[in-house]
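Asker: Pasting a structure below so you can have a look.
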Amino acid sequence: MTVALGSLGVRGVVLDIEGTTTPISFVFDVLFPYARTHLRDFLETHGPSGLLAEADRLLREEHAEDVRRGDSPPPLPADVSSGNAVDLEPYVLWLMDRDRKSPGLKLLQGLIWQGGFADGSLRGEIFPDVAPALDRWRSREIDVAIYSSGSVLAQRLIFGHTASGDLTPRISQFFDATIGPKRSADSYRQIAAELNRPPNELLFLSDVHAELLAARAAGFKAMLCVRPGNPEPAREGETAVETFDEITA
């Protein structure tokens with residue numbers, strides 16, 4: 001099918017990453033294993049300042065919430081200002097094992113991936129229709145933003161190191177879990193406010209039905225992205241696209 005954004009009154013497109021712009025396999029088979037493999041070395045070699053301190057703060061907030069819920073997470077030591085950053089490892093691995101959409105975990109993963117992108121061990125993988133679509137939409141003054149559970153740092157790394165070059169200048173804004181959960185309508189209302197657009201002028205593309213429902217509840221238009229390897233099929237009567245080539249300006 002072909003979807004014309006102009007006929008829908010859309011002036012901005014908000015994109016998920018995993019399963020939408022980027023294969024799920026790249027996230028689960030490349031990025032996640034890299035972060036796990038390099039976690040201990042990163043914690044041992046980075047001091048208790050800067051973004052690591054911010055990741056530590058976020059992780060401790062979540063740890064306290066896990067304890068209150070009775071989830072029995074691994075204990076945490078004194079904060080990283082004491083120089084014991086490596087002691088975060090058991091809790092971080094516990095979060096990884098649960099694929100937790102944790103802001104602290106996502107920030108820490110982004111920091112680890114930063115080294116891999118810098119030395120060429122990692123390269124952002126996007127579907128071949130993504131870069132042309134970004135150009136096509138932007139040429140018609142349609143804003144493009146990213147909303148992913150991965151940190152803004154990780155998002156910029158993926159889009160900044162692709163086979164098509166650095167795509168970050170083609171993206172207006174990046175949003176992560178610090179703006180709110182992806183399954184909460186309030187998160188999308190906040191994104192609309194940040195983009196200075198009424199929600200009904202925004203289209204959200206994702207491979208997850210629950211996220212699309214939240215976006216629609218906030219007033220967004222929303223479409224399912226059906227890519228190879230995505231686990232959630234289109235439902236009867238639902239608007240879905242298999243490639244961004246189907247979305248014209």
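Asker: Mind listing whichever residues of segment 177-223 are more than 21 Å from Val3 (Cα to Cα), in contact with a Leu (Cβ under 9 Å, 6 or more places away or on another chain) and part of a helix (DSSP H, G or I)?
Answerer: Thr178, Ala185, Tyr188, Ile191, Ala192, Leu195
Asker: OK, next. Based on what the data block shows, is Leu134 in contact (Cβ under 8 Å) with a residue 12 or more places away in the chain, assigned to a loop (DSSP other than H, G, I, E, B), hydrophobic (A, V, I, L, M, F, W, C) and crowded, with 17+ Cβ neighbours inside 10 Å? Walk me through it before giving the result.
Answerer: Working: in contact (Cβ under 8 Å) with a residue 12 or more places away in the chain: yes; assigned to a loop (DSSP other than H, G, I, E, B): no; hydrophobic (A, V, I, L, M, F, W, C): yes; crowded, with 17+ Cβ neighbours inside 10 Å: yes.
For Leu134, the condition - in contact (Cβ under 8 Å) with a residue 12 or more places away in the chain, assigned to a loop (DSSP other than H, G, I, E, B), hydrophobic (A, V, I, L, M, F, W, C) and crowded, with 17+ Cβ neighbours inside 10 Å - is not met.
Asker: Ser164 - would you say it is hydroxyl-bearing (Ser, Thr, Tyr) and not assigned by TED's automatic domain parsing to the domain that holds Gly50? If you could, list the steps in order and put the result at the bottom.
Answerer: On the way: hydroxyl-bearing (Ser, Thr, Tyr): yes; not assigned by TED's automatic domain parsing to the domain that holds Gly50: yes.
Yes.
Asker: While we're here: Here are some residues: Leu105, Leu43. Which one is at pLDDT below 95 and of a type in the set (A, V, I, L, M, F, W, C)?
Answerer: Details: Leu105 fails: at pLDDT below 95.
Only one candidate passes the filter, namely Leu43.
Asker: Please pick out the residue among Ile142, Ile112 that is in the same structural domain as Asp66 (by TED's automatic domain parsing) and either under 28 Å from Ser7 (Cβ atoms) or modelled with pLDDT of 95 or more (or both). Quick ask: steps written out before the conclusion?
Answerer: Values: Ile142 fails: in the same structural domain as Asp66 (by TED's automatic domain parsing).
Among Ile142, Ile112, only Ile112 is in the same structural domain as Asp66 (by TED's automatic domain parsing) and either under 28 Å from Ser7 (Cβ atoms) or modelled with pLDDT of 95 or more (or both).
Asker: May I pose another question? Within segment 218-239, can you find the residues that are surrounded by 15 or more Cβ atoms within 10 Å (Cβ to Cβ) and out of contact with any His (no Cβ under 6 Å at 6 or more places or on another chain)? Don't jump to the end; show me each part of the working.
Answerer: Just the residues of segment 218-239 that are surrounded by 15 or more Cβ atoms within 10 Å (Cβ to Cβ), to begin with: 218-227, 230, 232, 234.
Residues satisfying the conditions are Ala218, Gly219, Phe220, Lys221, Ala222, Met223, Leu224, Cys225, Val226, Arg227, Asn230, Ala234.
Asker: Can you spot a residue in segment 169-185 that is farther than 24 Å from Ala35 by Cα and out of contact with any helix residue (DSSP H, G or I) (no Cβ under 9 Å at 6 or more places or on another chain)?
Answerer: The initial filter retains those residues of segment 169-185 that are farther than 24 Å from Ala35 by Cα, namely 169-173, 183-185.
From what's left, out of contact with any helix residue (DSSP H, G or I) (no Cβ under 9 Å at 6 or more places or on another chain): 169.
Yes, there is a match, as at least one residue in segment 169-185 is farther than 24 Å from Ala35 by Cα and out of contact with any helix residue (DSSP H, G or I) (no Cβ under 9 Å at 6 or more places or on another chain).
Asker: What is the residue count in segment 145-167 for residues that are modelled with pLDDT of 95 or more, surrounded by fewer than 20 Cβ atoms within 10 Å (Cβ to Cβ) and within 21 Å of Thr248 (Cα to Cα)?
Answerer: 1
Asker: Of all residues in segment 127-147 being touching a Gly at 6+ places or on another chain (Cβ under 8 Å) and not aliphatic (A, V, I, L, M), which is nearest to Leu39 (Cα to Cα)?
Answerer: The selected residue is Asp143.
Asker: Quick check: is even one residue across segment 61-78 on the phi < 0 side of the Ramachandran plot and touching a residue at least 40 places away in the same chain (Cβ under 8 Å)?
Answerer: Checking segment 61-78: at least one residue is on the phi < 0 side of the Ramachandran plot and touching a residue at least 40 places away in the same chain (Cβ under 8 Å).
Asker: Now a separate question. Look at Trp113 and say whether it is farther than 19 Å from Ser206 by Cα, aromatic (Phe, Trp, Tyr) and crowded, with 20+ Cβ neighbours inside 10 Å. Break it down into steps so the answer makes sense when it comes.
Answerer: Details: farther than 19 Å from Ser206 by Cα: yes; aromatic (Phe, Trp, Tyr): yes; crowded, with 20+ Cβ neighbours inside 10 Å: yes.
For Trp113, the condition - farther than 19 Å from Ser206 by Cα, aromatic (Phe, Trp, Tyr) and crowded, with 20+ Cβ neighbours inside 10 Å - is met.
Asker: Among what's in segment 111-126 and is among the small types (Gly, Ala, Ser) and not in a helix (DSSP H, G or I), pick the residue that is nearest to His38 (Cα to Cα). Walk me through how you get there before you give the answer.
Answerer: In the first step, residues of segment 111-126 are kept if they are among the small types (Gly, Ala, Ser); the result is 115-116, 118, 120-121, 124.
From what's left, not in a helix (DSSP H, G or I): 120-121, 124.
Details: Gly120: 15, Ser121: 12, Gly124: 18 Å.
Per the criteria, the residue is Ser121.
The values are calculated or read from the model by the stated rules, or taken from the named source; none is laboratory data. Just so it is clear, the model here is predicted, and its values are computed rather than measured. Please note: Cβ atoms are built from the backbone with ideal geometry, for glycine as well, and neighbour counts cover all protein chains shown.
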